[in-house]
Amino acid sequence: MRKYQRISLTEREEISRSLVMKLSYRHIACLLGRSSSTIYREIYHRDFRRSNYRAVAAHRCAQRIARIPHRQRKLDTNIRLQKIVIKYLHLRWSPEQIAKRLEIMYPDDMTMRISHETIYAYVYVHPRRHLKRRLLFYLRRKHKYRRIRDKARRRSYPIQDFISIDDRPAEVNNRKAAGHWEGDLIMGPGNASAIGTLVERTSRITFLVKIKGQDAVTVRKAFTYKFSRLPEKLKRSLTYDQGQEMAEHKLFTQRTKIAVYFAHPHSPWERGTNENTNSLVRDFFPRGTDFSKITAQQLKKVQDLLNDRPRKTLNWHTPREAFTKNVALET
């Protein structure tokens, strides 16, 4: 393969004469032994056109551009930093999470510092298309899918004898006391399958619960088992929406000693931590995922990825680190 060489003044003079003769780019390329795309870029990249291309002016412009020092990207020169950034992109960390976490991991090593904007620039302008596509795959989507407004809703009945979120203790709102949770189900296509999500409001630790059905008995047993391994002081309350899967909330409270508070209908912001967590989970299990085909091992893997991801709200510590600290304080 011929090694690329810059276009010479002699070649530019030939291009200029050929344009006057109204030869095609392909014809000019054959005369010079160049590709037609090279000829096209030579003419239009430098703000010329067929009608006003001049060899000397184009050559001076090329020499001026060649003298401009080309700054190399930091991730191209610092291979150690590049490998770590790509590693955490593969773990679905955002560029901001990576940048802030590196400050914690390498407090005294300034060569391991990078801004999230630099990471974004590295991904989006990467010259290797296959690597660019692979890195873009791991970035969070900026836009949410629109919901189908006319989708049929499940027939529902009022939850009996529930405690409203209005009666929830004030300590839950300030997030200073650990052990207060929010819960929900993420549904599969046609509401035929689901998984449970439980997130602790202080640490943002997340549990993904494998369930075989969405009925109240199945959900109550699955959630009860998930909470059974926690210290008593980390099982204070659970805030839930008014879905029928929590109809056995009184029996759930009796078995776990966890008080259940119900949000107002159509008020997802009252369970904002859980709603945000569900959107993170959807990054791994997009809409249309049949959860009956998702194994407990797959759920555990995603659960670990979320819990080991640094969070801005935790000052760039991970939910697992924050939760472990809470466990140590409460036991």
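The values are calculated or read from the model by the stated rules, or taken from the named source; none is laboratory data. Owing to the predicted nature of the structure, the values given are computational and were not obtained by experimental measurement. Neighbour counts run over all protein chains shown; Cβ positions are idealised from the backbone, glycine included.
What's the total number of residues in the range 192-222 that are over 26 Å from ASP308 (Cα atoms) and in contact with a Pro (Cβ under 6 Å, 6 or more places away or on another chain)? Qualifying residue count, the range 192-222: 0. Checking the range 71-94 against the condition returns a match, with at least one residue being modelled with pLDDT under 85, surrounded by fewer than 15 Cβ atoms within 10 Å (Cβ to Cβ) and either of a type in the set (A, V, I, L, M) or within 25 Å of the chain's Cα centre (by Cα) (or both). Within the range 44-70, residues that are surrounded by 10 or more Cβ atoms within 10 Å (Cβ to Cβ) reach partners that are among the aromatic types (Phe, Trp, Tyr) and at pLDDT 70 or above with beta carbons closer than 9 Å, at six or more positions or on different chains, in the pairs ARG46/TYR53. Mind checking whether some residue in the range 294-316 is modelled with pLDDT under 90, buried (at least 18 other Cβ atoms within 10 Å of the Cβ), farther than 21 Å from ASP167 by Cβ and of a type outside the set (A, V, I, L, M, F, W, C)? Checking the range 294-316: not a single residue is modelled with pLDDT under 90, buried (at least 18 other Cβ atoms within 10 Å of the Cβ), farther than 21 Å from ASP167 by Cβ and of a type outside the set (A, V, I, L, M, F, W, C).
Residue by residue through the range 182-225, note down the ones that are over 23 Å from the mean Cα position of the chain (by Cα) and within 18 Å of PRO268 (Cβ to Cβ). Answer for the range 182-225, where residues must be over 23 Å from the mean Cα position of the chain (by Cα) and within 18 Å of PRO268 (Cβ to Cβ): just ASN191. What are the residues in the range 17-43 that are in a loop (DSSP other than H, G, I, E, B) and farther than 19 Å from HIS59 by Cβ, if any? Of everything in the range 17-43, those that are in a loop (DSSP other than H, G, I, E, B) and farther than 19 Å from HIS59 by Cβ turn out to be MET21, LYS22, LEU23, SER24, SER35. For the range 97-125, the set of residues classified as farther than 17 Å from LEU136 by Cα and in contact (Cβ under 8 Å) with a residue 24 or more places away in the chain consists of LYS100, ARG101, GLU103, ILE104, THR111, MET112, ILE114, listed by residue number. Just so you know, in the range 184-208 the residues that are hydroxyl-bearing (Ser, Thr, Tyr) and not in a loop (DSSP other than H, G, I, E, B) include one that is surrounded by the fewest Cβ atoms within 10 Å (Cβ to Cβ), and it is THR197.
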